[in-house]
Amino acid sequence: MVDGIIICQSDEVQQVMNMFKTTFNEFMGNDPADIKKALSFAKLAKFIQASVLEMSKSDQARSQIIDQIPKDITIKDMMFKAESNRHFTFDEFEIVLDTIDNMGIEDEHIFYSTEVFDKPKCCWMGMIYMVE
């Protein structure tokens, strides 16, 4: 159980719940206490998302996500999820990793998840971030 409040629109609640479900499924090898510590937050968390119609435009979705993060904050913890109709190539995902790495967040406070779904020509990215 994680205590805290995530700010999102009412129609985004299911997406937030899905992010937690799939992220924790992928990190079953991690110590649950470490995950709880990283995601237990005293301040509000924020959910942001972006989507594009073609996987070839995934850089636009990534830019939309990054543009939604205020410049004057320090992110302590974050969850990032990407969904598309195919797996990201190493080069495509490396751009995402480099962008997030440049934010200065410690690796143990970042949780990634990717999922392939049956929606042709679609790419969705979502992020939950907590500030210090």
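The values are calculated or read from the model by the stated rules, or taken from the named source; none is laboratory data. Keep in mind it's a predicted model, so treat the numbers as computed, not measured. All Cβ positions, glycine included, derive from the backbone under ideal geometry; neighbour counts span all protein chains shown.
The figures follow:
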| item | result |
| --- | --- |
| Of all residues in the stretch 69-88 being free of Cβ contacts under 8 Å to residues at least 40 places away in the same chain and of a type outside the set (K, R), the one that is surrounded by the most Cβ atoms within 10 Å (Cβ to Cβ) | F88 |
| Given (1) surrounded by 15 or more Cβ atoms within 10 Å (Cβ to Cβ); (2) at pLDDT 85 or above; (3) more than 17 Å from I7 (Cβ to Cβ); (4) over 12 Å from the mean Cα position of the chain (by Cα), number of the condition F93 does not satisfy | (2) |
| Some residue of the stretch 3-22 being of a type in the set (A, V, I, L, M, F, W, C), loosely packed, with under 13 Cβ neighbours inside 10 Å and modelled with pLDDT under 70 | no |
